[in-house]
Amino acid sequence: ALILQGRPQSRRSSGNSSGNASSADEAAAAAAAASVLRDMRVGVSRFLPTSRRLVQFSEGKSAPEGATIVYIDGAFDVFHVGHVEVLKLAKQQGDFLLVGLHTDEDVEARRGPHTPIMNVHERALSVLACKYVDEVIIGAPSVIEDDLLRTFNISLVVRGSVTETRVTDTGDDARYALPRQRGMFRQLDSPSDVVTASIIQRIVGNRAAFEARNAKKVASEQAYYASSKDYVKEV
């Protein structure tokens, strides 16, 4: 896993993930979004991360001695207000916020084909740009184990109440079993119910409305030209 630290607050924008959205709706939305991208001839991301590019988003700050280090993990795909709000709340639980980003493979396994929309490096830059985030682990394990907790001296593990997972997910009981057992897990009431799936559905829905409006305009123009068009004198 690659570790990166967030930028100073003056440079960043702020947000976790969320919503017990149904797996069928989420998979359908992701598939529709992929279709939209293909139709619009938007190519697959070719973002090539380098240490220099990634470090430009990092402030290189370490947790002070004795700090309460809060850990939150997830996909954080298509970074949105739901992410910002839960990250803000997570930061309020301690002194230093560490965010674990799951790999593209782990996200796809939980959410299904065509996900995530953004690859792990793009998601990392989005999260690093959030002013509430102090450090990011790129490729964090989906199941929290002792090695992770010890390596980063994590004091508290949190998760928002609004999450985006598929029925094939191992679930909270497996992923957060150890921190729960140690009494260091806390579920936060997500301030926002916005989830990535709803953002995708909004994009797809707006595109459909635009196409319908454009089709009506084209039909009107064709009808006009097919009729006995009158001469219009230019002023």
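Some observations on this one:
- Each residue in region 86-96 was checked for being surrounded by fewer than 24 Cβ atoms within 10 Å (Cβ to Cβ) and part of a helix (DSSP H, G or I), and 3 of them qualify.
- Residue within region 97-104 that is over 22 Å from ALA197 (Cα atoms), open to solvent by 30 Å² or more (accessible area, probe 1.4 Å) and modelled with pLDDT of 95 or more present: no
- Index of the failed condition, ILE3 passing every other in (1) of a type in the set (Val, Ile, Thr); (2) open to solvent by 30 Å² or more (accessible area, probe 1.4 Å); (3) at pLDDT 60 or above; (4) part of a loop (DSSP other than H, G, I, E, B): (4)
- Pair list, Cβ under 6 Å, 6 or more apart: region 191-215 residue open to solvent by 50 Å² or more (accessible area, probe 1.4 Å), other residue in a loop (DSSP other than H, G, I, E, B): ASP193/VAL162
- The residue of region 44-62 that is most open to solvent (accessible area, probe 1.4 Å), among those that are at pLDDT below 70 and over 15 Å from ALA129 (Cα atoms), is ARG46.
- Condition check for PRO179: out of contact with any Lys or Arg (no Cβ under 7 Å at 6 or more places or on another chain) and surrounded by fewer than 21 Cβ atoms within 10 Å (Cβ to Cβ): no
The values are calculated or read from the model by the stated rules, or taken from the named source; none is laboratory data. Quick caveat, the model's predicted, so the values are computed rather than measured. Note: ideal-geometry Cβ built from the backbone for every residue, glycine included; neighbour counts use all protein chains shown. These accessible areas exclude ligands, DNA and RNA; they are computed on the full protein's heavy atoms, side chains included. Shrake-Rupley method; radii C 1.70, N 1.55, O 1.52, S 1.80 Å.
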